[in-house]
Amino acid sequence: MRRAVVAVAVLLALVGCSGQALPPVAQPSFTLTPATSPESLTASASAAEPSTPARSAVTITGKGIQKSKPFALQGDYTVTWNATPDSSVGCYHGASLERVDGTFLNETLVNELLNSKASASGETNLYGLDAARYYIQANSGCTWSFTFSPA
């Protein structure tokens, strides 16, 4: 506050000493022009949507605890899984399907305890998946694969 008072006093002293008024300050002018037309905004929005994935079988393989590489799905699928324990005592084999964009998805693919070295397999179904990129979050002590076949 004190600096503002001093600044005003100095300004008044300068005006008073010269006997002339200060020149007027030019006001800035603004012109609003749209950066893009509404048509291009619509085109940009539709270009950002995920492309429709091919409706063919997708097989994802892995070993142990890991996240798979992303893959595209849309619609209904029959999912078959196979697991082979990496030890003679068996393994736990659990996995879920997750969306890459972080949208909540509650899709358990498998939750099994394999009690021997023998391989195991099973099947489940997925319904109404949005067109998006997904990955498998595996929590497994096995070597595994999942095949997503359009239903």
Is it true that A138 is under 26 Å from the mean Cα position of the chain (by Cα), aliphatic (A, V, I, L, M), surrounded by 15 or more Cβ atoms within 10 Å (Cβ to Cβ) and closer than 15 Å to V79 by Cα? yes
Which members of segment 68-103 meet the condition of being in a strand (DSSP E or B) and among the hydrophobic types (A, V, I, L, M, F, W, C)? F71, A72, L73, V79, W81, A83, C91, A95, L97
Contact list, first residue from segment 140-151 and under 17 Å from G128 (Cα atoms) and modelled with pLDDT under 95, second anywhere and of a type in the set (V, I, T) and surrounded by fewer than 17 Cβ atoms within 10 Å (Cβ to Cβ), beta-carbon distance below 6 Å, six or more apart or interchain, is A151/T78
Does N125 qualify as being touching a residue at least 12 places away in the same chain (Cβ under 8 Å) and farther than 16 Å from A57 by Cα? no
In segment 116-151, anything closer than 24 Å to G102 by Cβ and outside any strand (DSSP E or B) is listed as none
Residue count for segment 104-115, restricted to those that are outside any strand (DSSP E or B) and either within 15 Å of D86 (Cβ to Cβ) or polar (S, T, N, Q) (or both): 2
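The values are calculated or read from the model by the stated rules, or taken from the named source; none is laboratory data. Note that the structure is predicted; figures quoted are calculated from it, not measured. All Cβ positions, glycine included, derive from the backbone under ideal geometry; neighbour counts span all protein chains shown.
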